[in-house]
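Working notes for the structure below.
The values are calculated or read from the model by the stated rules, or taken from the named source; none is laboratory data. Since the model is a prediction, treat every value here as computed from it, not as a measurement. Cβ placement follows ideal geometry from the backbone for every residue including glycine, while neighbour counts extend to all protein chains displayed.
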Amino acid sequence: MERLELSVVGCWELHPRDEEAEAPFVDMAVPSGHFDRVVASLSELEAALDDVDPRWKLDVVTAVDDLATMD
């Protein structure tokens, strides 16, 4: 999961973003139902993330990691 998180962060660092265009998304919660795929492996998660808007990929990865490590 850490590798996925780093790849998402790395993507944002490599691609310049338009701060004005992104401003409406700052502090916005991930839209409900944005990621509703069922995945059974890390490779399935990686493939499913290809369909996720880059703005929300880190949120999805973090949420999946939180769910996977819940007691």
Selection within segment 28-46 - basic (Lys, Arg) and part of a helix (DSSP H, G or I): none
Out of all the residues in segment 22-39, which are loosely packed, with under 12 Cβ neighbours inside 10 Å and touching a Phe, Trp or Tyr at 6+ places or on another chain (Cβ under 8 Å)? PRO31
Any chance segment 47-61 includes a residue that's in a helix (DSSP H, G or I) and of a type in the set (Val, Ile, Thr)? yes
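Residues are listed down the side, and each one gets a yes or a no for (1) surrounded by 10 or more Cβ atoms within 10 Å (Cβ to Cβ); (2) at pLDDT below 85:
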position: ARG17; (1), (2): yes, yes
position: GLU20; (1), (2): no, no
position: SER41; (1), (2): no, no
position: THR62; (1), (2): yes, no
position: ASP71; (1), (2): no, yes
